[in-house]
Amino acid sequence: MSWAADLLTWYDTSARDLPWRSDHSPYRTWISEIMLQQTQVDTVIPYFERWMARFPDVAALAEADQQEVLNLWEGLGYYSRARNLHHAARIIHTGYQDALPETPEALEDLPGIGPYTAAAIASIAFGKDTATVDGNIRRVFSRLYNLKEPVRSPESERRIWSLAEENLPPGRAGDYNQALMDLGATICTTKAPDCARCPIQADCQARAAGVQEQRPVRLPRKKVPHLTVTAAVIRREGKVLLSKRPAEGMLGGLWEFPGGTREDSDPDLPACLRREIREELGVEIEVGAPFGVYDHAYTHFKITLHAFLCVLNDKAEPQPLESDGLVWAGLSELEGYPMGKVDRQIANRLMRERLGLGL
């Protein structure tokens, strides 16, 4: 089948102009591939450029403080990626003299690097004849070979990885992998694929059968849980209390306004918040006026968060019973604390309305 040659001919003239492609150094390739995991290219570009300006090489990243790393990553989501980058950079700095290992096997030993990312780095940065598979590539192969197995099923994964390897042109694996990614991102898209512009349309079995929009085959999505969450904006002497999330786990290492998820036993939102603060900080609070309702969707669940202005009772001193630390932050200091999206929205509102809060 000649489709790989046709794909490369198309890529040679139509490859996307992306900042990490101007220099395929191992470090730049690694950072871009991690940022691109579950994140759109247009979103990644400004983050990548800011990252390279601050952390131009492995040594600069390894020597940085994790809070600075998380702050620069803020808004990109999936924060374990940033923590893993920082951890891996320190391993590379001390164990590999700042040079990424070249083989997929050695790359996979580093935190945050799985089979896809390892193969992408090895092929793009080191010229290894290694195929890789991401979401775009899965979609292309599902259509190109009219695969009827549900995407991401064990059978589908084995078949797609095998097809990717079978068709890899020796010596051009990096271009081949990037061409498949570009094709999936720009032409063989999730909805309404532009088959008329596709350089390998003649070999596409799904198109020949008229089922390209039914591929990949997907199983019905599970219902996404929706949680009701509360957060306390606790004020004292012109400052607000922030809690640092445990390093391991969701949003690890980020700062937040303390609170938690409403339980069935909570009669109302203020009761929920008082219970959460008692469990989390070991103190009692007075729950005051509402301070906004914030909706956000994570990968596997959604939340509606209700924030309230609160004060501590009797000059009580909160303790970090369930967090990695507490800090009383002035409003002018809030930008220096890395936060998730919802907590940043609360912080931004505080900064906008500080003159009317009596802080």
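Things to note:
- Filtering the stretch 139-151 to residues that are touching a helix residue (DSSP H, G or I) at 6+ places or on another chain (Cβ under 6 Å) and within 17 Å of T186 (Cα to Cα) leaves R139, V140, F141, R143.
- Number of the condition not met by A289 [criteria: (1) surrounded by fewer than 14 Cβ atoms within 10 Å (Cβ to Cβ); (2) more than 22 Å from N348 (Cβ to Cβ)]: (2)
- Residue list for the stretch 301-341, filter: under 30 Å from K223 (Cα atoms) and assigned to a strand (DSSP E or B): K302, I303, T304, L305, H306, A307, F308, M339
- Criterion applied to R262, R344, R274 was being closer than 13 Å to L242 by Cβ and surrounded by 18 or more Cβ atoms within 10 Å (Cβ to Cβ), and the one residue passing it is R344.
- Residue list for the stretch 191-237, filter: at pLDDT below 95 and surrounded by 13 or more Cβ atoms within 10 Å (Cβ to Cβ): R235, R236
- For T299, the criteria (1) at negative phi; (2) more than 30 Å from the chain's Cα centre (by Cα) hold in every case but one, which is (2).
- Restricting the stretch 165-189 to residues that are under 11 Å from S123 (Cβ atoms) and of a type in the set (G, A, S), the residue that is nearest to the chain's Cα centre (by Cα): G174
- The stretch 131-144: number of residues that are surrounded by fewer than 23 Cβ atoms within 10 Å (Cβ to Cβ), farther than 9 Å from L180 by Cβ and among the polar types (S, T, N, Q): 0
- Taking the listed residues P56, P46, P101, the one that is without any contact (Cβ under 8 Å) to a residue 12 or more places away in the chain and surrounded by 14 or more Cβ atoms within 10 Å (Cβ to Cβ) is P101, with no other qualifying.
- Residue satisfying condition, being basic (K, R), under 25 Å from the mean Cα position of the chain (by Cα), within 27 Å of W73 (Cβ to Cβ) and not in a strand (DSSP E or B), within set R352, R344: R344
Here is a yes/no grid of residues against (1) farther than 20 Å from R344 by Cβ; (2) surrounded by fewer than 18 Cβ atoms within 10 Å (Cβ to Cβ); (3) among the acidic types (D, E); (4) not assigned by TED's automatic domain parsing to the domain that holds K244:
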position	(1), (2), (3), (4)
P26	yes, no, no, yes
I34	yes, no, no, yes
L61	yes, no, no, yes
D65	no, yes, yes, yes
V69	no, no, no, yes
E74	no, no, yes, yes
A122	yes, no, no, yes
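- Whether a residue is closer than 22 Å to L70 by Cβ, part of a strand (DSSP E or B) and in contact with a helix residue (DSSP H, G or I) (Cβ under 6 Å, 6 or more places away or on another chain) was assessed, and H296 passes this test.
- Filter result for Y298 (modelled with pLDDT of 95 or more, in the same structural domain as E248 (by TED's automatic domain parsing) and not acidic (D, E)): no
- Checked against the criterion of being under 18 Å from W20 (Cβ atoms), in a loop (DSSP other than H, G, I, E, B) and β-branched (V, I, T), the stretch 110-125 contains one or more residues that satisfy it.
- Residue in the stretch 260-275 that is touching a residue at least 40 places away in the same chain (Cβ under 8 Å) and closer than 16 Å to Q319 by Cβ present: no
- Positions within the stretch 227-242 being over 26 Å from the mean Cα position of the chain (by Cα) and of a type outside the set (K, R), in sequence order: A232, V233, I234, E237, G238, V240, L241
The values are calculated or read from the model by the stated rules, or taken from the named source; none is laboratory data. Quick caveat, the model's predicted, so the values are computed rather than measured. With ideal geometry, Cβ positions are generated from the backbone for all residues, glycine too; neighbour counts draw on all protein chains shown.
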